[in-house]
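Report on the structure given below.
What follows is calculated from the coordinates using simple rules that are stated; it is not laboratory data. Note that the structure is predicted; figures quoted are calculated from it, not measured. Virtual Cβ from ideal backbone geometry, glycine too; neighbours counted across all protein chains shown.
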């Protein structure tokens, strides 16, 4: 069936280092969304990308949607301890439109 | 705060029992989606309700069922609980069928013993 895969599963960085997580879909997506879940919390919507090759920035976060609309990335510049959490990408199921989530990338930041 | 509330926050049940989880959607939202999140995993889609009708279902057995009420709040029912049903159950509300920008509640942590 349709899958959304993320790598890496875990990333440990020193505060101030950059971080990137990658998302790949087995099928073309109409859009891709990114969510952040803090430890013990619930997923919180970060952004939605719709257009092929789209790049969006939110302060230190840069989101990209691939030209083929099958992959995406999230890059954080100069990580801070507040960036700790699990980052999920999610895309709509082709036949239904409901969102399926990747397994996430868990980011830990050492001060 | 998302405005999506779930109850109860924690629940302990034994195998074979039945459970009902509740969700109040954010004001103005007419769509509710339910997800199951096992420890260390991503949310797995269970089903979605749009204007009181089921609008999509994931790969979950029929013992997982749901409802949406006229005020757009929702229930998730699980019958014949199994140990593997232990997980965080998340409710998310959104506007319309397009599944754009889900607002999640804090979840119900279900433990099945």
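Among A:75, A:12, A:42, which one shows the highest mean-square fluctuation when chain A is modelled as a Gaussian network with alpha-carbon springs under 10 Å?
Answer for the Gaussian network model of chain A: A:42.
Would you order A:7, B:46, A:32, A:93 from fewest to most other beta-carbon atoms within 10 Å of each residue's own beta-carbon?
Working: A:7 13, B:46 23, A:32 27, A:93 18.
Going from sparsest to densest Cβ surroundings: A:7, A:93, B:46, A:32.
So, in Å, what gap is there between the alpha-carbon centers of region B:2-54 and region A:8-72?
24
Taking each residue in B:98-110, count the Cβ atoms of any other chain within 10 Å of its Cβ, then average. What number comes out?
4
Between residue B:98 and residue A:3, what FRET efficiency comes out of the Förster formula 1/(1 + (r/R0)^6) with R0 = 22 Å and r the beta carbon distance, rounded to 0.05?
Numbers: r = 21 Å, r/R0 = 0.97.
Rounded to the nearest 0.05, the efficiency is 0.55.
Each label point is 7 Å from the Cα along the Cα-to-Cβ direction; what then is the distance between the points at residue B:83 and residue B:14, in nm?
The two pseudo-label positions are separated by 1.6 nm.
Within 10 Å of each residue's Cβ, count the other Cβ atoms and sort B:72, A:87 from fewest upward.
Lowest count first: B:72, A:87.
Just how many % of Cα pairs in chain A lie over 17 Å apart, if you round to the nearest whole percent? If you can, show how the numbers build up before the last one.
Working: 3060 of 6105 pairs.
The share of Cα pairs beyond 17 Å in chain A comes to 50 percent.
How would you classify region A:55-111 from its alpha-carbon gyration tensor, with a ≥ b ≥ c the square roots of the eigenvalues: rounded for a/c under 1.5, else prolate if a/b is greater than b/c, otherwise oblate? Present the calculation step by step, with values, prior to reporting the outcome.
Details: a/c = 3.15, a/b = 1.70, b/c = 1.86.
Note, shape of region A:55-111 comes out oblate.
Work out how much length residue A:10 to residue A:60 would gain on full extension: take 0.36 nm times their residue separation and subtract the Cα-Cα distance, in nm to one decimal.
Values: separation 50, 0.36 × 50 = 18.00 nm, distance 1.98 nm.
Gain on stretching residue A:10 to residue A:60: 16.0 nm.
Using the Cα atoms of the protein assembly as shown, I'd like the radius of gyration and the largest Cα-Cα distance, Dmax, both in angstrom.
17.4, 50
Would you mind ranking B:100, B:82 so that the residue whose beta carbon has the fewest other beta carbons within 10 Å leads the list?
Numbers: B:100 16, B:82 12.
So the residues, fewest neighbours to most, are B:82, B:100.
Using only the Cα atoms of chain B, build the gyration tensor, take square roots of its eigenvalues as a ≥ b ≥ c, and label the shape rounded, prolate or oblate: rounded if a/c is under 1.5, else prolate if a/b is larger than b/c, else oblate.
Details: a/c = 1.74, a/b = 1.58, b/c = 1.10.
Because a/c hits 1.5 or more and a/b exceeds b/c, chain B counts as prolate.
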